[in-house]
Amino acid sequence: MLTARTLAEVQVYVSVTTVADDNLPATEPAPIVPGPNVVEGQDAWTITTTAGEITVPYVSEDAARKIGARFGLGVSELVDAAQWALVAAIYARRALTADMAYTGGPDQDRTTVELNWEFAAEAVGEALKFLPEGAEVVPAEAIWSEMGKRAVAQSPELVYRSKLIDDLEHYRGTLDDFRALYGPAV
């Protein structure tokens, strides 16, 4: 059985393994409610998804929430480095589209803009976790999915430290600029 670090990582994993489009939701995971697809065990939830059964240890989810690591502590065992870089780009495209449409009007919700920029930055952070200290490129063994291998074959720079750092700074900076322009969220 597969094990995820957090509920948010389950969302990303299911999206990258079962969806052919870039419709990843930039939403906080819904609260877990026991039911036909969710079983509460002694130490973990077991979630039945279209990608198979996935466990999420309570302690892992709790630790990640306490320190603000949306996708989890440590390196992902479900989503590889290239997939994280692709996920970041998808969130960034969605953030840019929402950002360009946002005018600050009282009838507009800025949550979509902010969450997508946050998710984009955090997904890049997940890809960076695969880089050994001092390495300029993610090692081949950190890219195990067919999706990740195809992406790197098409765009080798996808998993270079310099590109990942540039993307991270861009996503965080754009989010900071958005917040500076429109003030703190209400």
Förster radius 30 Å - calculated FRET efficiency between Gln154 and Glu77, Cβ distance, rounded to 0.05:
0.75
Equivalent ellipsoid semi-axes - Cα gyration tensor, the stretch 42-144, angstrom
27, 21, 13
For the stretch 135-186, treating each Cα as an identical point scatterer without solvent, what Debye log10 I(q)/I(0) comes out at q = 0.16 1/Å?
-0.60
Only four residue types carry charge here, +1 at the Cβ of Lys and Arg and -1 at the Cβ of Asp and Glu. Report the dipole size of the chain about the Cα centre in Debye, rounded to the nearest 20.
80
Inverse of <1/r> over all distinct C-alpha pairs of the stretch 122-163, i.e. the Kirkwood Rh in Å, gives 10.5
When the solvent-accessible surface of protein heavy atoms is calculated with a 1.4 angstrom probe, in what order do Tyr182, Tyr13 fall, highest first?
Tyr182, Tyr13
Ala44's amide H: which non-local residues (gap 5+, or another chain) put their own amide H closer than 5 Å, with H modeled 1.01 Å from N in plane and none for Pro or chain starts?
Tyr58
Can you spot the aspartates and glutamates whose alpha carbon is less than 16 Å from Lys129's alpha carbon? Ignore those fewer than 8 places along the same chain.
Glu9, Glu77, Asp80, Glu141, Asp166, Asp167, Glu169
Enumerate the residues in the stretch 110-130 having an amide nitrogen under 20 Å from the point lying 7 Å beyond the Cα of Met100 toward its Cβ.
110-121
In order through the stretch 99-111: 3J(HN,Hα) via Karplus (6.51 cos²θ - 1.76 cosθ + 1.60), integer Hz, x for Gly, Pro:
5, 5, 8, 7, 10, x, x, x, 8, 9, 9, 7, 4
Residue-wise HN-Hα coupling along the stretch 40-50, computed from phi with Karplus coefficients 6.51, -1.76, 1.60 (Hz; x: Gly, Pro)
8, x, 5, 10, 7, 7, 10, 10, 8, 10, 5
In whole percent, and with a 1.4 Å probe on the protein chains, what portion of the accessible area of the chain is carbon and sulfur?
56
Could you work out [θ]222 nm for the chain from helices alone, using -39500 (n - 2.57) per DSSP H run of at least four and dividing by all its residues? Round to the nearest 500 deg cm²/dmol.
-16500 deg cm²/dmol
Thr18-Arg179 pseudo-label distance in nm [points 7 Å out on the Cα-to-Cβ vector]:
3.3
Where does each of 116-124, 146-154 land if you order them by average Cβ count within 10 Å, highest first?
116-124, 146-154
Set the Förster radius R0 to 30 Å, insert the Cβ-Cβ distance between Ala63 and Ile165 as r into 1/(1 + (r/R0)^6), and round the FRET efficiency to 0.05.
0.70
Once the Cα atoms of the chain are picked out, what are the Rg and Dmax in Å?
16.9, 48
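The values are calculated or read from the model by the stated rules, or taken from the named source; none is laboratory data. Predicted, not measured: the structure shown is a model, and the values here were computed from it. Positions of Cβ are backbone-derived with ideal geometry, glycine not excepted, and every protein chain shown enters the neighbour counts. Protein only, heavy atoms only, side chains kept; ligands, DNA and RNA dropped before computing areas. Shrake-Rupley method; radii C 1.70, N 1.55, O 1.52, S 1.80 Å.
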